[in-house]
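The values are calculated or read from the model by the stated rules, or taken from the named source; none is laboratory data. Just so you know, these numbers come straight off a predicted model, no measurement behind them. FYI the Cβ positions are ideal-geometry reconstructions off the backbone, even for glycines, and counts take in every protein chain you see.
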Amino acid sequence: MAPTNLDEHDGVPAILREQLTSLLTRHTLDDVVLVRVLIEHYNEIAATANRGDTRRARRDYQSLSERVPLPDSHEIKVILDSFALPVSALIYWRDGRNRLAREELVGSLEACADLVASYGHTFVTCRQLHLANNYVRVLVSEGKTGEAASLTTALRLVISGDTARWPFVGAETLVLPLVGDWRDAIEMQLLKLEHQLQMTPH
């Protein structure tokens, strides 16, 4: 089932904690710790990009992606892609390279769906919806307000349980309807997007 609240334990968000716990059933503790550390580094790179230093963020991203040896595991590669690609998308978006940002977000959505379908990960739906909202933000930046508005409307239906309106891969992996704090959080994101669309010239 999808999480109903945003609780953290020992500084680890519920969604990430659930995914790391799932990894522990098939991988060594050392490998899972490596995944956790890499995700923290990707979060730091995202913070660098949000401060406006996209050149350093891209350099650090490439260094982390290319120089750290990973276990020979498709599952670990996919879970890292699900966290890394949104950071790459953020850097591209901050640099105004919107098409590349959207491509990275689609890649991350594919990774999330793969985690559920291939490895039974749970608590992924909220991340999928958050990534979809980020995709809308990129569309707005590109001036594609009609497409952005249509997608926002579709996502409102999706969170209520209409998986047929999900425009990305993995509709069958969504756990819906979304409830609790996570529904509130996703709806707040959608409200902000709708307000942004209203303020954007058509």
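Condition check: within 27 Å of P177 (Cα to Cα) and either surrounded by fewer than 19 Cβ atoms within 10 Å (Cβ to Cβ) or modelled with pLDDT of 95 or more (or both). Does D95 satisfy that? Don't jump to the end; show me each part of the working.
On the way: within 27 Å of P177 (Cα to Cα): no; either surrounded by fewer than 19 Cβ atoms within 10 Å (Cβ to Cβ) or modelled with pLDDT of 95 or more (or both): yes.
No.
Pick from region 162-181 the residues that are out of contact with any Ser or Thr (no Cβ under 6 Å at 6 or more places or on another chain) and within 11 Å of T125 (Cβ to Cβ): which of them is surrounded by the most Cβ atoms within 10 Å (Cβ to Cβ)?
L178
If the Cβ limit is 7 Å and pairs must be 6+ apart or interchain, which residue in region 165-189 that is in contact (Cβ under 8 Å) with a residue 24 or more places away in the chain pairs with which residue that is among the charged types (D, E, K, R) and surrounded by 15 or more Cβ atoms within 10 Å (Cβ to Cβ)?
V169/E110
Check whether at least one residue in region 139-149 is assigned to a helix (DSSP H, G or I), over 14 Å from the mean Cα position of the chain (by Cα) and of a type in the set (S, T, N, Q), and report yes or no.
Step one: filter region 139-149 for residues assigned to a helix (DSSP H, G or I), giving 139-141, 145-149.
After this cut, where a residue has to be over 14 Å from the mean Cα position of the chain (by Cα) as well, the list is 139-141, 145-149.
Next, from what is left, pick out any that are of a type in the set (S, T, N, Q): 141, 145.
Among the residues of region 139-149, at least one is assigned to a helix (DSSP H, G or I), over 14 Å from the mean Cα position of the chain (by Cα) and of a type in the set (S, T, N, Q), which makes the answer yes.
Can you give me the ranges of the helices (runs of 4 or more DSSP H) entirely in region 40-134 with at least 1 residues that are under 10 Å from the mean Cα position of the chain (by Cα) and outside the structural domain of L176 (by TED's automatic domain parsing)? Before you say what the answer is, go through the steps one by one.
Values: elements: 54-67, 74-94, 98-119.
In region 40-134, 74-94, 98-119 are the helices (runs of 4 or more DSSP H) which contain 1 or more residues that are under 10 Å from the mean Cα position of the chain (by Cα) and outside the structural domain of L176 (by TED's automatic domain parsing).
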